[in-house]
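Bear in mind these aren't lab numbers, they're just calculated from the coordinates by the rules spelled out. All values derive from a computational prediction rather than experimental measurement. When we count neighbours, we look across all protein chains shown, and the Cβ atoms used for this are built from the backbone with ideal geometry, even at glycine.
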Amino acid sequence: MSSSAEGAPAGARMPRRRHSVADFLVRLFKEHRLGAAAGLVVVGLIFVTLFAEQLAPYEFDRGRVQDRMQGPSAEHLLGTDHAGRDFLSRLIIGARLSLTVGLAATSINVLIALLIGGTTGFIGGRLDIVTQRLVDAWMSFPGLLLLLTIMSIAGRGVTQIIVVLGVAGGIPASRIVRGAVIGVKENAYFQAAQAIGTSTGGTLLRHVLPNIAAPVLIVYSINVGNVIISEASLSFLGFGLPANIPSWGGMLSREGRQYMEIAPRLALWPGICLTVTVYCLNMFGDAVRDLLDPRLRGQMGRFGVATRGSDRRGLRAPRPG
């Protein structure tokens, strides 16, 4: 019998360690109730995204002229737009589109941030200096102006906007990944792995990537809301998605702005959907950030870039168990 069990009373059972995911959920609902409520809304949005076609009561792109500009009724819960199309159906399809663009572009954000920030932070030296100066030059341009310029060249479309927003957000986000990698390199376990001759691939897989998982997850959770707002802004200005694809930003720009005086609901509902979605994503991201690493609290800016008051050496990743 092990020494840890010798002092235990007869018949007593050793407490089982709670699974990490279950422990995270329990802490989320106990310590961050607002973040937990926001997380439930996010889960609901994902459900709407997966089953948008089944949830939409009508086809989003078909309407009848005799039904145009009708108010809310039993047949059309949110009324119809200027073309007689069911407005609720268009909002549901717009939710699917906004969340799809947000998740896909943010995934590209994280991949580019890992590629640039992880590589330069791990190798260091002249490569790190040159790359960071290029990142500084990229960040010196106004974000919206840069996006408008690129979209005017790339053209309008779902693929184009996902790639453009993914690259535009991934380059600044590489800073937080670089800072996390530099923090890992200063730990004793990393130096010990280097001293015993662990291969580069083994060091990355065993010591670097697991210890920067928390900052990467935080970057992902926070950037989704930023990407959705950026897509809505581009669509509102006419540089985002084509007019035949319903998006919340496009609905605000077209029927919302044109018929705002005679039918304010056409602008009100897309605006509410955008506000609630981005707010819940940010609240859930803040809760995840505080639970995974409280030292990052208040130190994450737009696109996951460290803000004023953070450690100059970079945000340090937590030590393993």
Long-range amide H partners of Ala83 with built H, under 5 Å: Met69
At 0.36 nm per residue, and after removing the present C-alpha to C-alpha distance, how many nm does the segment from Gln191 to Leu146 gain when stretched out fully? 12.1 nm
About its Cα centre, how strong a charge dipole does the chain have in debye, to the nearest 20, once Lys and Arg get +1 and Asp and Glu get -1 at the Cβ? 940
Helix 125-139: inclination vs the chain longest Cα principal axis, degrees, rounded to 10, gives 20
Roughly how many whole Å is it from the C-alpha centroid of region 239-287 to that of region 76-148? 17
Where does helix 158-185 land angle-wise versus the long Cα axis of the chain, in degrees 0 to 90, nearest 10? 20
Output the 0 to 90 degree angle, nearest 10, between the alpha-carbon long axis of helix 33-50 and the longest principal axis computed from the alpha carbons of the chain. 60
Env charge @ Gly240, Cβ radius under 15 Å, K,R +1 / D,E -1, value +2
Leu115 to Ser199: extension gain in nm, 0.36 nm per residue of separation minus the Cα-Cα distance? 28.4 nm
Taking +1 at the Cβ of each Lys and Arg and -1 at the Cβ of each Asp and Glu, which of Val65, Val43, Gln54 sits farthest along the dipole of region 29-75 towards its positive end, judged by Cα position relative to the Cα centre? Val43
If each residue of separation counts as 0.36 nm, what is the full-extension length gain between Tyr259 and His82 once their alpha-carbon separation is subtracted? 62.9 nm
At R0 = 35 Å, FRET efficiency that the Cβ-Cβ distance of Glu75 and Phe29 yields, to 0.05: 0.35
